[in-house]
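The structure appears below as structure tokens.
Read the figures in this text as sums done on the coordinates, not as results from a lab. Note that the coordinates shown come from a computational prediction; the quantities given were computed from them, not determined experimentally. No Cβ is skipped: glycine too gets one built from the backbone with ideal geometry, and neighbour counts run over all protein chains shown.
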Amino acid sequence: MKKPMVNTINADVMPRSDYGQVLKAILKEGLCPFCEKNLFRHHSKPILIKTKHWLVTENAWPYEGTKHHFVFIVRHHIEGAEHLTPLMWADLGAAFKKLIKKTKISGGSFVMRNGKMEYTGASVRHLHAQLIVGVQRSKQTEPLKALIGYKRKK
Ligand SMILES: [Zn+2]
């Protein structure tokens with residue numbers, strides 16, 4: 001059996017508007033939502049940066065409370081970071097630099113989940129990284145939540 005391209009359970013752990021429903025539709029189609037030829041079937045945000053190996057766009061379903069939530073999508077169907085070539089890693093760095101220059105973001109967290117989605121909380125199998133940006137800490141703020149994996153319940 002073909003591996004499903006998305007994981008709807010992880011999306012349900014941190015619900016975001018209609019994201020769960022969209023993932024169920026993607027699951028039914030059986031197409032990878034992050035492969036370039038399929039990307040705009042469900043993704044509504046423009047491509048901000050395009051390099052030889054990466055596309056950078058905003059997450060159409062950002063984590064709650066984020067000011068920005070960018071997604072870096074590798075332009076080949078690769079499922080594990082260990083399969084990226086040194087050139088692809090270097091190009092990711094170049095895309096990151098371009099985004100920071102373009103957006104002038106003061107701080108954020110750059111995250112890449114890798115491996116089995118049951119371990120990471122990822123909802124799309126196709127390798128991607130994220131830049132998650134909140135607001136400046138103050139007395140009126142609380143921590144941003146991002147799903148990066150699971151721990152045992154106490
Ligand atoms: Zn893909």
Next on the checklist: Under the 0.36 nm per residue contour assumption, what length would be gained going from the current alpha-carbon distance of Lys2 and Lys154 to full extension?
Outcome noted: 51.2 nm
Next on the checklist: For Lys98, give me every one of the lysines with a C-alpha distance below 24 angstrom, ignoring sequence neighbours fewer than eight places off in its own chain.
Outcome noted: Lys37, Lys45, Lys50, Lys52, Lys67
Checklist entry - Compactness ratio of region 50-92: Cα Rg over 2.2 N^0.38 Å, N = residue count? => result 1.32
Checklist entry - Considering the dipole of region 8-133 built from charges on the beta carbon (Lys and Arg +1, Asp and Glu -1) around the Cα centre, which of Val133, Ala94, Phe72 is farthest to its positive end? => result Ala94
Checklist outcome for this item: With 0.36 nm assigned to each residue of separation and the Cα-Cα distance removed, Ala146 to Lys24 gains 41.8 nm
Checklist entry - Share of Cα-Cα pairs in region 8-133 beyond 25 Å, in percent? => result 20
Checklist entry - In deg cm²/dmol and to the nearest 500, what is the mean residue ellipticity at 222 nm of the chain if only DSSP H runs of at least 4 residues count, each as -39500 (n - 2.57), divided by the residue total? => result -7500 deg cm²/dmol
Checklist entry - Which cross-chain or sequence-distant (5 or more) residues have an amide H under 5 Å from the amide H of Ile49, H modelled 1.01 Å from N in plane? => result Val56
Checklist entry - How would you order 92-101, 145-154, 63-72 from highest to lowest mean count of nearby Cβ atoms within 10 Å? => result 63-72, 92-101, 145-154
Checklist outcome for this item: Simple spin-label estimate for Lys104/Leu48, 7 Å along Cα→Cβ, in nm, reads 1.4
